[in-house]
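Notes follow the structure.
The values are calculated or read from the model by the stated rules, or taken from the named source; none is laboratory data. Note that the structure is a prediction, hence the values are computed from the model and not measured. When we count neighbours, we look across all protein chains shown, and the Cβ atoms used for this are built from the backbone with ideal geometry, even at glycine.
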Amino acid sequence: MRSFYSDILELPIRSDRKEFINFDLNSFRLTIAVHSEIKNFAKDPLRIMINLGTPQIQQTYKMLTAKGVAFQREPEQEKWGGWIATFRDPDGNIIQLLEEADPSKD
């Protein structure tokens, strides 16, 4: 998980310890930690869905695909104008790239 989020997704690391890693996402932090009661893949991958904003979804999609990320849903424009692409992390959690709608096109 550490390698996927830091090397593949290129999220900036804030702190990194043996069983804990923390990433800076503007004014938010994403923390991934080992929990003594949880092992293996997510039993319900839709329980949590992480959305990562990107200003250029097509370029981000190409970069991640080149790094071996398999997308379940390629970039596709939504009815509300924004774009979504969906993939899973190594534990099976759902992650979506999200490009907001361009308000100047309304």
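Computed quantities for the displayed model
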quantity: Number of positions in region 64-95 that are over 12 Å from residue 9 (Cα atoms) and modelled with pLDDT of 90 or more; calculated: 16
quantity: Count - residues of region 66-93 that are loosely packed, with under 15 Cβ neighbours inside 10 Å, within 12 Å of residue 49 (Cα to Cα) and in contact with a helix residue (DSSP H, G or I) (Cβ under 9 Å, 6 or more places away or on another chain); calculated: 0
quantity: Residues (more than 15 Å from residue 91 (Cβ to Cβ) and not charged (D, E, K, R)) located in region 7-20; calculated: 11, 12, 13, 15, 20
quantity: Candidate set from region 8-20 (those that are in contact (Cβ under 8 Å) with a residue 12 or more places away in the chain and under 19 Å from residue 64 (Cβ atoms)); member that is nearest to the chain's Cα centre (by Cα); calculated: 9
quantity: Members of region 52-106 that are part of a helix (DSSP H, G or I) and out of contact with any strand residue (DSSP E or B) (no Cβ under 8 Å at 6 or more places or on another chain); calculated: 59, 62, 63, 66, 103, 104, 105
